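Here's the structure we're looking at; comments come further down.
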Amino acid sequence: MSVPIADFRSDTSTLPTEAMRRAMATAEVGDDVRGEDPTVRRLEQEAAALLGKPAALFLPSGTMANQAAIHVHCRPGDELICEDRSHVYLFEGGGIARLSGTQVRLLAAPGGFPTPAQVEGAVRSDDPHHPRSRLLVLENTHNMAGGRVANVATMSALAAAARRHGLAVHVDGARLLNAAVALGCPARDLVASADSVSLCLSKGLGAPVGSMLAGSTDFVAQARRVRKAFGGGMRQAGVIAAAGLLALRDGPALLAHDHDRAQRLARGLAELPFLAVDPAVVDSNIVMADLRAGEPDQLQAHLQRCGVLAAGAGPRRLRFVLHRDVDDAMVQRCLDACRTFVPAASPTPSPS
Ligand SMILES: *Cc1c(COP(=O)(O)O)cnc(C)c1O
């Protein structure tokens, strides 16, 4: 049998466990659009409790969870504020404009989290020329900033800044449990100051499909209508919710291993002269590596020949994501592969 590929491209590549497959096969189900699926209901209750909100909703993807939240919070012509590498802005197919007719005000923040002063400075004054500032979106952990984590103090200071001006706050918590584990604090504390929060079951937590969106009872009732309108009403969804329940219950305890391995990988990569990697900014399960020499696609191809997959995350940047299907041996394989990479000399100028 060949050695399995070490897939560092994303924590979305986690495969359902045997226990998940068994739970899926035997799940008690009903028509969830009618609210009759007991497994989905249980998942929504457990997610609401974990996130410290009165209610939660099960959706097919994190993208739909974020876009449904934005659709509930914002009207066409409104403006939302977010950091300029936010997933909701970069990677959701233009959904903010397409689905909610809402425009975006971007804030630059190298660590992924703007300051409260930046947020307040971006809020529009009450003037007929202006769009209405309506929503602040925070991403914790912050994917493109390299899995950076914001603690409770940072989250509540940002939420307070938004609230002083009447804005609502949504947390894109695709990897909120990674943040909670990294900080050693309950996930609900991180979003206590937010109106809504999304959470991916299908990343490091290991479910094959699905995300949660939590908030007040009224917010979730409105999001349920939006989910239907966006085509996300699923019938016997208990089949996938059953795996989601195991992800929610058993997944968080495994995340600390991913964070340890990310540290080990980052420290190993930082020793290589052709890479710029800073282990001090590896807060969770994501390692960003910038190439000082050679081309990222050459390194990617070299890694692939060694049975290692990494993703591009910028013109000279590769992203390595740790998750439950990457073990210590795979981290070692990745480091060994990187050590044998010979960056091609920069092309010599052709004689003219
Ligand atoms: C993955 C991700 C999402 C949503 O992803 P889906 O693939 O649609 O489930 C949202 N936000 C962040 C930060 C993510 O990393």
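The values are calculated or read from the model by the stated rules, or taken from the named source; none is laboratory data. Just so it is clear, the model here is predicted, and its values are computed rather than measured. Quick reminder, even Gly has a Cβ in these numbers, built from the backbone with ideal geometry, and neighbours come from all protein chains shown. The protein model used for the area step is the full one, side chains on, heavy atoms only, and it has no ligands, DNA or RNA in it. Shrake-Rupley method; radii C 1.70, N 1.55, O 1.52, S 1.80 Å.
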Using the Kyte-Doolittle scale, which helices in the chain average at least -0.5 and also have C-alpha atoms spread 27 Å or more along the helix axis, with helices defined as whole DSSP H runs? 252-270
Rounded to whole Å², per residue accessible area for region 16-251 with a 1.4 Å probe reads 39
I'd like the antiparallel share, as a percent to the nearest 5, of DSSP beta bridges with both residues in the chain. 50
Computed over the chain, the relative contact order (Cα-Cα under 8 Å, seq sep at least six) in percent reads 24
For 141, 217, 63, give the ranking by accessible area with the largest first, probe 1.4 Å. 217, 63, 141
How much accessible surface area, in Å² rounded to 10, belongs to the heavy atoms of residue 339 with a 1.4 Å probe? 110
So, with points 7 Å from each Cα along the Cβ direction, the residue 21-residue 90 label distance in nm works out to 3.5
Taking all protein chains as present, what is the carbon and sulfur share of the accessible area of region 16-251, in % to the nearest whole number, probe 1.4 Å? 51
On the full set of protein chains, 1.4 Å probe, figure out the accessible area of residue 278 and give it in Å² to the nearest 10. 80
Computed for the chain: size of charge dipole around the Cα centre, +1 on C-beta of each Lys and Arg, -1 on C-beta of each Asp and Glu, debye to nearest 20, value 340
Distant alpha-carbon pairs in region 16-251 (separation over 32 angstrom), percent: 16
To the nearest 10 square angstrom, how much accessible area does residue 306 have with a 1.4 angstrom probe? 50
